[in-house]
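The values are calculated or read from the model by the stated rules, or taken from the named source; none is laboratory data. On a predicted model such as this, the values are computed, not experimentally measured, just so you know. Cβ coordinates were reconstructed from backbone atoms using ideal geometry, including for glycine residues, and neighbour counts include every protein chain displayed.
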């Protein structure tokens, strides 16, 4: 029989999230049951709950930054034991057969990955996420959280961390490379820490200088305000890699102008309107404009191990469940430094 657990769900775009209960399936041979300790609040949770990315399948239990401990293992589970510290990110399954899945890029599954929430699992039932006290996941889509990395600061790494680690690794951020991070928010602040730990020279490009002290403390070597027109002149042809974490429609021609020869600007944000790229902005200096989305399971594990080795966790504010709706409003108002994490014991 399915297990009933406590959760918080969204039932309509214009309604607050409310406490509820949901049923979790019995674990199959390769499943692990995870007692969730913490769940990060990602801006995509808000977009989904408020139907800003299309009509979701209400009721929705958001949450894809999940950290907890293994409570039960299926009969054929080989990777985990009861008591192991684990995490779950943005997806809980994929086709496992396409070229992307075989290459370890399950996030680009040609048939579509199965989202941790607001999706349909192999059993035909809707998936529900981490704003709950427990979850059942196939062991192949679970990551181990290394000792020394606290579960509360590790939770946001399952989305924010891998979203930044993957492009930084793919485009070879490291010693001798000049890397710029656009935006010092929930994504950007983790990106600064990771790029610094990789050995790159790190610059933050933020609308203002109000977070400059934080940026330098987190590992940035330089910090510039994009509201100052001189910034784009001073930094012309400067960077090997720029990673944009902002979901606003920026003037990309200005930022592309900051790239050195063979430089790449990687888009992570999802702005409301199409992005305009003047041809001359990329033909000059043989620049590239690219995109990236989270990472595969193996790369996510690599990221967690890297973060543990370098003492990297998210900067967080832990909240009780009753503060979720207030936290949503504060995220939209950019009033958080830098990630809300729900203590699921309060659900």
The lone condition residue 246 fails out of (1) buried (at least 18 other Cβ atoms within 10 Å of the Cβ); (2) farther than 22 Å from residue 314 by Cβ is (2)
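Assess whether residue 205 counts as being touching a helix residue (DSSP H, G or I) at 6+ places or on another chain (Cβ under 8 Å), on the phi < 0 side of the Ramachandran plot and in contact (Cβ under 8 Å) with a residue 60 or more places away in the chain.
no
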Going through the range 168-201 in order, the residues found to be assigned to a strand (DSSP E or B) and either outside the structural domain of residue 243 (by TED's automatic domain parsing) or farther than 18 Å from residue 157 by Cβ (or both) are 178, 179, 180, 182, 201
Exactly one of 205, 265, 256 is assigned by TED's automatic domain parsing to the domain that holds residue 175 and under 30 Å from residue 102 (Cβ atoms), and that residue is 265
Residues of the range 273-310 being in a loop (DSSP other than H, G, I, E, B) and free of Cβ contacts under 8 Å to residues at least 24 places away in the same chain, in sequence order, are 274
For residue 227, the lone unmet condition from (1) closer than 23 Å to residue 44 by Cβ; (2) surrounded by fewer than 21 Cβ atoms within 10 Å (Cβ to Cβ) is (1)
Residue within the range 293-305 that is in contact with a strand residue (DSSP E or B) (Cβ under 8 Å, 6 or more places away or on another chain), closer than 18 Å to residue 159 by Cα and at pLDDT below 95 present: no
Within the range 36-52, residues in contact with a helix residue (DSSP H, G or I) (Cβ under 9 Å, 6 or more places away or on another chain) and either more than 22 Å from residue 79 (Cα to Cα) or surrounded by fewer than 16 Cβ atoms within 10 Å (Cβ to Cβ) (or both) come out as 39, 40, 41, 42, 43, 45, 46, 49, 50, 52
